[in-house]
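What follows is a single structure, written as structure tokens, with notes after it.
Quick note: the coordinates plus some simple rules give every number you see, no bench work behind them. A quick note: this is a predicted structure, and the numbers were derived from the prediction, not measured. Neighbour counts are summed over all protein chains in view; Cβ atoms, including those assigned to glycine, are modelled from backbone coordinates with ideal geometry.
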Amino acid sequence: MDGQELVKQTLDQIPQANANAKRVVGLVKESGRITGYQLSDNTFVKKQQAVDMAKQGQIAGVGIAHRGDTEYLKSIPDGSENNNLGNLPAVSPQFES
């Protein structure tokens with residue numbers, strides 16, 4: 001089993017992305033922790049909203065994982081490092097209320 005398959009096994013779910021699914025292009029962080037994401041259409045979503053969107057196929061290239069009771073997005077390994085969530089830039093949040 002290669003490293004990509006091993007990482008995929010750590011995901012709880014790998015949703016099928018819709019044809020018009022957005023991609024995560026930036027991370028919103030507070031005190032070093034990811035609290036939200038910037039999407040490819042320049043919208044900002046909070047972490048749980050992004051998880052819900054991914055489950056509905058609205059965000060491509062991510063799977064769902066969990067730590068304790070908290071679900072979060074995790075990159076689906078594809079052999080490219082530049083689109084891994086951990087390599088994306090931190091951005092300033094502009095959440096809509």
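What order do you get for 34-44, 67-77 when each peptide is scored by the mean count of other beta carbon atoms within 10 Å, highest first? Present the calculation step by step, with values, prior to reporting the outcome.
Numbers: 34-44: 16.9, 67-77: 14.5.
Top of the packing list down: 34-44, 67-77.
Whose amide H sits under 5 Å from the amide H of residue 62, counting only residues 5 or more places off or on another chain, with H placed in the peptide plane?
Residues meeting the amide H criterion: 76.
Give, rounded to the nearest 20 debye, the magnitude of the charge dipole that the chain has about its Cα centre when Lys and Arg contribute +1 at Cβ and Asp and Glu contribute -1 at Cβ. Before the final figure, lay out each step's value.
On the way: 10 positive and 11 negative charges, 38 e Å.
Using only the charged Cβ atoms, the result is roughly 180 debye.
Using a cut-off of 17 Å between alpha-carbon atoms, which lysines can reach residue 55, once sequence neighbours fewer than 8 places away in the same chain are excluded?
Within reach: 8, 22, 46, 47, 74.
Show the residues, 5+ positions off or on another chain, whose built amide H is closer than 5 Å to the amide H of residue 25.
Correct list: 38, 39, 40.
Using just the helices of the chain, give the 222 nm mean residue ellipticity in deg cm²/dmol: DSSP H runs with n ≥ 4 each add -39,500 (n - 2.57), and the total is spread over all residues, rounded to 500.
Working: 2 runs with 16 residues, N = 97.
Rounded to the nearest 500, it is -4500 deg cm²/dmol.
When ranked by the protection proxy of mean other Cβ atoms within 10 Å per residue, highest first, what sequence do the peptides 51-61, 23-33 form?
Working: 51-61: 18.3, 23-33: 14.1.
Per-residue Cβ counts within 10 Å, averaged per peptide and sorted highest first, yield 51-61, 23-33.
Taking N as the number of residues in the chain, what value does Rg over Cα atoms divided by 2.2 N^0.38 Å take? Intermediate values should be presented prior to the final figure.
Numbers: Rg = 12.9 Å, N = 97, 2.2 N^0.38 = 12.5 Å.
Ratio of Rg to 2.2 N^0.38 Å for the chain: 1.03.
Give a residue-ordered list of calculated ³J(HN,Hα) values for segment 40-50 (Karplus: 6.51 cos²θ - 1.76 cosθ + 1.60, θ = phi - 60°; whole Hz; x for Gly, Pro).
5, 9, 6, 8, 10, 10, 6, 4, 5, 5, 5
Less than 12 Å Cβ to Cβ from residue 58, Lys/Arg counted +1 and Asp/Glu -1: what total charge do the surrounding residues give?
Numbers: positive: 22, 23, 55; negative: 41, 52.
Counting the neighbours of residue 58, the net charge comes to +1.
What's the local net charge at residue 88, with K and R +1, D and E -1, over the other residues with C-beta under 12 Å away? Walk me through the intermediate numbers first.
Working: positive: 23, 29; negative: 81.
Computed value for this residue: +1.
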